[in-house]
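A quick write-up on the structure given underneath.
The values are calculated or read from the model by the stated rules, or taken from the named source; none is laboratory data. What you are looking at is a predicted structure, and each value in this text was computed from that prediction instead of being measured. Using ideal geometry, Cβ is built from the backbone for each residue, glycine included, and neighbour counts are taken over all protein chains shown. Accessible surface areas use protein heavy atoms only, side chains included; no ligands, DNA or RNA. Shrake-Rupley method; radii C 1.70, N 1.55, O 1.52, S 1.80 Å.
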Amino acid sequence: MICENIAKKFQLDVRPEIAYMVGLMHDTGKMLLCQIDPEGYGEAIAAVQEEGKSLIQAEHELFGCDNCLAGYIFAKNGNLPHILQMSIAHQHDLDDLDDDSKNMVSILAIADHLCHKESIGSDGDRADARIQTLSAHPAWKILRPSLPPSFSITKFASELNKEISVIKEEL
């Protein structure tokens, strides 16, 4: 829902219903790795929470790949839309994105960041904790030039945080 709402607010080239789908499916790789080896995935989560490793690092050590790659392979083999494949693959790495995907993946990264700050969907990984403000997020640097000069990041963040609080209460 947060990806969809961001897409609506930004009014870029991202269809809100696609953003909604991306928001729902971006962590498919986590589910796949957990399904393949529940105990091993539990070890990855424990390494994040107890040893301070990033989830990507812990997954690589235990599985030889991370959830982004596992999800991407699943999406590609399932002939899911290209935008979904790219969003899954690049959700934590905004480099080397094609023009068709960069806005959607950036919207996903912002939604994920804001939700994790509120402990929604977080597995304890604090990889992006060093990003204190939304304006410092690499995804914002991609999206900002496409938004009107009057766009207020402060107002936007405040509105989204209210929406996230409502969602958190419903969980």
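Under 6 Å between Cβ atoms, at least 6 apart or on separate chains: pull out the pairs that start in region 136-152 with a residue that is on the phi < 0 side of the Ramachandran plot and end on any residue that is among the small types (Gly, Ala, Ser).
Going by the 6 Å Cβ cut-off, the qualifying pairs are Ala139/Ser106; Ala139/Ala109; Ile142/Ser106; Leu143/Ser106.
Take the residues in region 26-52 that are of a type outside the set (S, T, N, Q) and in contact (Cβ under 8 Å) with a residue 40 or more places away in the chain; name whichever of them is most open to solvent (accessible area, probe 1.4 Å). Write out each step before concluding.
Applying the first criterion (of a type outside the set (S, T, N, Q)) to region 26-52 yields 26-27, 29-34, 36-48, 50-52.
If we keep only those that are in contact (Cβ under 8 Å) with a residue 40 or more places away in the chain too, we end up with 26-27, 29-30, 32, 45, 48, 52.
On the way: His26: 19, Asp27: 32, Gly29: 0, Lys30: 33, Leu32: 49, Ile45: 40, Val48: 6, Gly52: 64 Å².
Looking at residues that are of a type outside the set (S, T, N, Q) and in contact (Cβ under 8 Å) with a residue 40 or more places away in the chain, I get Gly52.
Those residues that are surrounded by 24 or more Cβ atoms within 10 Å (Cβ to Cβ) and either touching a Cys at 6+ places or on another chain (Cβ under 8 Å) or modelled with pLDDT under 90 (or both), I need them from region 105-116; list them, please.
Ile107, Leu108, Ala111
Return yes or no: is Ala19 buried (at least 17 other Cβ atoms within 10 Å of the Cβ) and farther than 23 Å from Lys102 by Cα?
Values: buried (at least 17 other Cβ atoms within 10 Å of the Cβ): yes; farther than 23 Å from Lys102 by Cα: no.
No: the conditions fail for Ala19.
Failed condition for Leu160, given (1) open to solvent by less than 60 Å² (accessible area, probe 1.4 Å); (2) under 12 Å from the mean Cα position of the chain (by Cα), with all others met?
Result: Leu160 fails condition (2) only.
For region 61-89, give me each residue that is open to solvent by 40 Å² or more (accessible area, probe 1.4 Å) and out of contact with any Leu (no Cβ under 9 Å at 6 or more places or on another chain). I'd like the intermediate steps shown before the answer.
Within region 61-89, the first condition is being open to solvent by 40 Å² or more (accessible area, probe 1.4 Å), and the residues that meet it are 61-64, 69, 72-74, 76-82.
Answer for region 61-89, where residues must be open to solvent by 40 Å² or more (accessible area, probe 1.4 Å) and out of contact with any Leu (no Cβ under 9 Å at 6 or more places or on another chain): Glu61, Gly64, Leu69, Tyr72, Lys76, Asn77, Gly78, Asn79, Leu80, Pro81, His82.
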